[in-house]
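Reading through the structure tokens given below for one structure.
What follows draws every value from the coordinates through simple rules; no lab data is involved. Nothing here was measured: the structure is a model prediction, and the numbers come from that model. Neighbour counts run over all protein chains shown; Cβ positions are idealised from the backbone, glycine included.
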């Protein structure tokens, strides 16, 4: 596969390390009343879509960017590649 | 033996005679021959024995689809089994042997299997060897295994080398037949970067095997001219002997190029190269494969595909026999008769299954219409054929044509599913093709020459336009649309004898019928039950006929039955090619520590730790075994001073205004409170609350920390920190860089360590206990101004330091430390002594942080701060992970002090039975403690902190050992920790 890195252009998938579902960005609030349940879901429950999937890839043999790659799990078509930091900020993660 | 079947013409070089050996016979052929054509030229029809029944078999095709003529090439370490004689280029001295016979090829003892065939039908093994059950392992399986298989491995390491390569292009053209050449010409002339790959050693595809003209030239001449034009273009790369074996995502193709297989001596060059081809677009022009018709005894040597017979006569100047009959269900078979007759070969009969046949006069041939071949006669070669009308015709070869199958394989490697075309009686590419792939020519069902040329041009033009190229004008050369009518005729129902469908796996029409009768009606089940299409040829000549017969039996149409799914590779790829250079010590990269050279000179033996080679101990004269060295190193370190290269621990430089806050998030304990110039031990958790990694982190400045990780997790921790920084806390001002390679770091441990360092560290730096106490850190200089970092940390439990210098000084630093330490009897120590001393101190490492244990388990429960957020904090508080009777890390010593402890032994209460229900925990690390004079161990045991002094049993059924051990503190040496503060 080829991942079109937003900063570096098309790169072979071999340069990357795969982590998994990009929902890992949405780490729950540790002080929430139901923090235990939320963290349980965060740690163990995943959607497994046949189709479009947002997932985390790490450009380990490159610039060490974490990327959110939107990939169709049926066709491997990649329709979007974003810097995970931008995605995290857009989802309202702060300090 | 003379070349009795050699005839005029062809593209072989008759000026260059080539000598080769088949079994014990030396034979001759010509440059340009394949092993198959040379064997045929010499009248060697019998080439091998079949897989299951050990039937005599000969050359069946002229290409990579060959199911029969599998031979073993070369000998010794270069011996290679199961190569297709049809793909082997002849060279001087080539040595080939036939396969799969016990005794000689002519008199195979296992041919008895053929007589047993009534018992050996599909599913035989499943049905027969089921009982008695105990017989399977000891009796049935060894016998079956020794009888099965084709060629033999040499069992020696492969003497050849293999390489890998990467290429990029605008347009990849797969196959250099008429449509592939036309596609490549169109793209090349338009200025696109083109790769043209073909599995043959001569480009041109079927043009080299046919007598058809292109633009008024002979097929081979036109192909030659096209190749010459392509070769003259800088933007075109021609890759002959290169099989594109797989279509992968995003325009990436796998290809295997055979570089020296056709040369007697490869002169050390890589034998094969595995290419990864990156294409923007691809034109698949893989051609078509002829299929046989199944009839009785259709597997005898001398029976071959009609198109192959044409190849041998037109391209190689070889006739398959002197009396060659043709059996066909289509017009193409007639051309074989025409071409052979034109070369003076006698064709006694043309048998066509159809009523209406082409109006072609073949000299000397009797034409039988609406007739089929029912049986062949002969043992090691066909001697006569019997027709459905009862007629017996003496022949020594039979050319069979059942029509042509487009080579759709690569179109299916992703989601493509072939579609049936009634007019061709064949599947053509369908469904979703790999993105960027277009199909042209015979592979796309354009089976005639004119159509193939036109489609090659047109498909390339479409792709080029899409890519933004201006397509140069290329006239499609004139050629004919030769007749291609074909009937759906798969097997001869009148045949009473066994009729082969899959020649390589010995699957007959009867087997397919049996599978259907027994309910294996899905095509995927049929395949697995009968093994049809599962041999090394993947059923290239057999699959479609097999499906058609199944369809007929099941009363369905072929498209209703469907096909099995084609997967890579298209043809076999040696494991050696996939491995490439990654073998032996290069299997994966390994790294050397900065002091490696010094350690080598001083007698170190090395051990792999992660991807590093580390000194495990340094042998001195007179030491008889590793224990002598390790005991001495550990003892001398505790008595005086030892030096160890600890560079391999991961070092991560962390800087930024939020560095302190960041560390509080990733460590379970707090680092923001750490004063500048101090070091703290840190424990990292996984998000699920399990221990992940540990190490020390030093605060070098207000906004500057240096973290160490374990050697094994250096890469993983860095990856996790980047994840935390970019994905979880993206607004923190913190930056990370790995400096593992930047700094050479040495542990200097033992009561004399300060004295030693005093000699090395420049005088202006005060390292007295008052100025530089336990857990201090700071910048110093050594040896007159070399920058260094000094950390007062201790893994051994002694007064100890770690000193880091820029990596390029590492080897010298090791030498300087040892020279300066000579007066104190300083000793270099390796990983084993390091391990002994850490066990003596009860420090956890990978054996204890094994992905199953919590902070509470290793006795660091209090280190998980409840006052701040950190990774793993929430889930570490799950009830099961904080129960009072949880396993705890403890020390263990044998009650009988002379006994050796065993890591992995499980603990049981004294009178409990040895089963998992009574399991109390397990031993994680053991060592002989030279300082205590007996073995000691660390381990986890339930509620261990409340059980000091208790005697339990340590049981290892694997070793057959059980012994009494006493639970003690994990801190065997200096439990109060006074030494390291001294």
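How shielded is B:520-531 by partner chains, expressed as the average number of their Cβ atoms within 10 Å of its Cβ atoms?
Numbers: counts 0, 0, 0, 0, 0, 0, 0, 0, 0, 0, 0, 0.
Partner-chain Cβ atoms within 10 Å, mean over residues of B:520-531: 0.
Averaged over B:715-726, how many beta carbons belonging to a partner chain fall within 10 Å of each residue's beta carbon?
Average per residue, whole number: 4.
In nm, give the distance between the simple-model label positions of residue A:21 and residue B:421, each being 7 Å from the Cα along the Cα-to-Cβ direction.
4.6 nm
Rank these for me by crowding, A:77, B:978, B:80, going from fewest to most other beta carbons within 10 Å.
B:978, A:77, B:80
Can you tell me what the convex hull of the Cα atoms of segment B:278-378 projects to on average, as an area in nm²? Show your work: numbers first, answer last.
Working: hull surface 35.1 nm².
Dividing the Cα hull surface by four gives the mean projection, 8.8 nm².
Just grab the label-to-label distance for residue B:932 and residue B:554, each label 7 Å out from Cα along the Cβ direction, in nm (one decimal).
In this crude label model, residue B:932 to residue B:554 measures out at 6.9 nm.
Could you order the peptides B:636-643, B:550-557 from most to least packed, using the average number of other C-beta atoms within 10 Å per residue? Before the final figure, lay out the partial values.
On the way: B:636-643: 24.2, B:550-557: 16.4.
Most protected by this proxy first, the peptides run B:636-643, B:550-557.
Label-point separation (nm) for residue B:608 and residue B:480, each offset 7 Å from Cα along Cα-to-Cβ?
6.4 nm
Going by the alpha-carbon gyration tensor, a ≥ b ≥ c the square roots of its eigenvalues, is segment B:813-907 rounded (a/c under 1.5) or, if a/c is not under 1.5, prolate (a/b greater than b/c) versus oblate?
The shape class here is oblate.
Could you work out the pair-distance distribution P(r) of chain B from its alpha-carbon pairs, with 10 angstrom bin width and percents rounded to whole numbers?
Taking all Cα pairs of chain B, the binned fractions are 2, 10, 15, 16, 12, 11, 13, 12, 7, 2, 0, 0 percent.
I want to verify the translational diffusion coefficient of segment B:689-785 in µm²/s; compute it with Stokes-Einstein, Rh as the Kirkwood radius over Cα pairs, at 4 °C and 1.567 mPa s.
80 µm²/s
Return the ratio Rg/(2.2 N^0.38 Å) for segment B:215-275, where Rg is computed over Cα atoms only.
Rounded to two decimals, the normalised Rg is 1.45.
Residue separation times 0.36 nm, minus the C-alpha to C-alpha distance between residue B:116 and residue B:852: what's the value?
Result: 259.3 nm gained on full extension.
Which percent, to the nearest 5, of DSSP beta bridges fully inside chain B are antiparallel?
Given both bridge residues lie in chain B, the antiparallel proportion sits at roughly 75 percent.
Which of B:52, B:597 has the fewest other C-beta atoms within 10 Å, and how do the rest follow up to the most?
So the residues, fewest neighbours to most, are B:597, B:52.
Would you tell me the mean number of C-beta atoms belonging to other protein chains that fall within 10 Å of each C-beta in A:5-16, as a whole number?
Mean number of neighbouring Cβ atoms from other chains: 1.
Under the rule a/c < 1.5 gives rounded, and otherwise a/b versus b/c splits prolate from oblate, where does segment B:159-269 land using the Cα gyration tensor?
Because a/c hits 1.5 or more and a/b fails to exceed b/c, segment B:159-269 counts as oblate.
Given the alpha-carbon gyration tensor of segment B:722-877, what are the semi-axes of its equivalent ellipsoid in whole angstrom, ordered largest first, with each equal to the square root of 5 times an eigenvalue? Could you put the intermediate results ahead of the total?
Numbers: eigenvalues 218, 91, 46 Å².
They are 33, 21, 15 Å, listed largest first.
Taking Rh as the Kirkwood radius computed over C-alpha pairs, what is the Stokes-Einstein D of segment B:547-598 at 10 °C in a medium of viscosity 1.306 mPa s, expressed in µm² per second?
Numbers: Rh = 16.2 Å.
Estimated diffusion coefficient is 98 µm²/s.
Just to confirm the number: angle between the C-alpha axis of helix B:219-231 and the first principal axis of chain B, 0 to 90 degrees, nearest 10?
It works out to around 30 degrees.
Starting from the Cα gyration tensor of segment B:581-661, take the square roots of the eigenvalues, sort them a ≥ b ≥ c, and report rounded, prolate or oblate (rounded when a/c is under 1.5, otherwise prolate if a/b is larger than b/c, else oblate). Let's see the in-between values first.
Numbers: a/c = 3.07, a/b = 1.34, b/c = 2.29.
Oblate, because a/c is 1.5 or more while a/b does not exceed b/c.
How do B:907-913, B:43-49 rank on mean C-beta neighbours within 10 Å, highest first?
Taking the mean over residues of other Cβ atoms within 10 Å, the ranking is B:43-49, B:907-913.
Once the piece of chain linking residue B:161 and residue B:134 is laid out straight, how much longer is it, given 0.36 nm per residue of separation minus the C-alpha distance between them?
Details: separation 27, 0.36 × 27 = 9.72 nm, distance 4.39 nm.
Full-extension gain reported as 5.3 nm.
Tell me, what is the percent relative contact order of chain B, built from C-alpha pairs under 8 Å that lie six or more residues apart?
RCO, chain B: 9 percent.
May I ask you to compute the full-extension gain from residue B:786 to residue B:865, defined as 0.36 nm times their residue separation minus their alpha-carbon distance, rounded to one decimal in nm?
The span from residue B:786 to residue B:865 would gain 24.5 nm if fully extended.
Return the inverse of the average 1/r over all pairs of distinct C-alpha atoms in the protein assembly as shown, which is the Kirkwood hydrodynamic radius, in Å to one decimal.
That comes to 34.4 Å for the protein assembly as shown.
At a 10 angstrom cut-off on C-beta neighbours, averaged per residue, how do the peptides B:276-285, B:574-583 rank from highest to lowest?
Highest to lowest by the protection proxy: B:276-285, B:574-583.
Give the Cα extents of segment B:789-836 along the principal axes, in whole Å, largest first.
Principal-axis extents of the Cα atoms in segment B:789-836, largest first: 29, 24, 19 Å.
Taking the DSSP beta bridges in the protein assembly as shown as the whole, what percent of them are antiparallel, to the nearest 5? Before the final figure, lay out each step's value.
Numbers: 150 of 196 bridges.
Here the share of antiparallel DSSP bridges comes out near 75 percent.
Would you mind checking the tilt of helix B:543-554 against the longest principal axis of the Cα atoms of chain B, expressed as 0 to 90 degrees and rounded to 10?
With rounding to tens, the tilt is 80 degrees.
Quick one: what Rg and Dmax do you get for segment A:8-95 from the alpha carbons, in Å?
Rg then Dmax for segment A:8-95, in Å: 14.3, 44.
Kindly put B:359, B:339, B:352, B:586 in sequence by how many other C-beta atoms sit within 10 Å of each C-beta, fewest to most.
B:359, B:586, B:339, B:352
Could you calculate the FRET efficiency of residue A:89 with residue B:808 from 1/(1 + (r/R0)^6), where r is the beta carbon distance between them and R0 is 56 Å, rounded to 0.05? Let's see the in-between values first.
Working: r = 40 Å, r/R0 = 0.71.
Here the calculated transfer efficiency is 0.90.
Using a 7 Å offset from Cα along Cα-Cβ at residue A:8, what residues in segment A:59-95 end up with backbone N under 20 Å from the label point?
The answer is A:59-71, A:78-88, whose backbone nitrogens lie closer than 20 Å to the label point.
Per the Kirkwood treatment, what hydrodynamic radius in Å, one decimal, follows for segment B:933-982 from the mean inverse distance over all distinct Cα pairs?
Working: mean 1/r = 0.0773 Å⁻¹.
Kirkwood hydrodynamic radius for segment B:933-982: 12.9 Å.
With every atom except the alpha carbons ignored, what do you get for Rg and Dmax of segment B:490-544, in angstroms?
Rg and Dmax of segment B:490-544, Cα atoms, are 10.7, 30 Å.
So how tilted is helix B:178-189 from the main axis of chain B? Cα-based, degrees 0 to 90, rounded to 10.
The helix B:178-189 is inclined about 60 degrees to chain B.
Taking segment B:643-721 as the region of interest, what is the percent of Cα-Cα pairs per 5 angstrom bin, listed from the shortest bin to the one with the maximum distance?
3, 16, 28, 26, 17, 7, 2, 0
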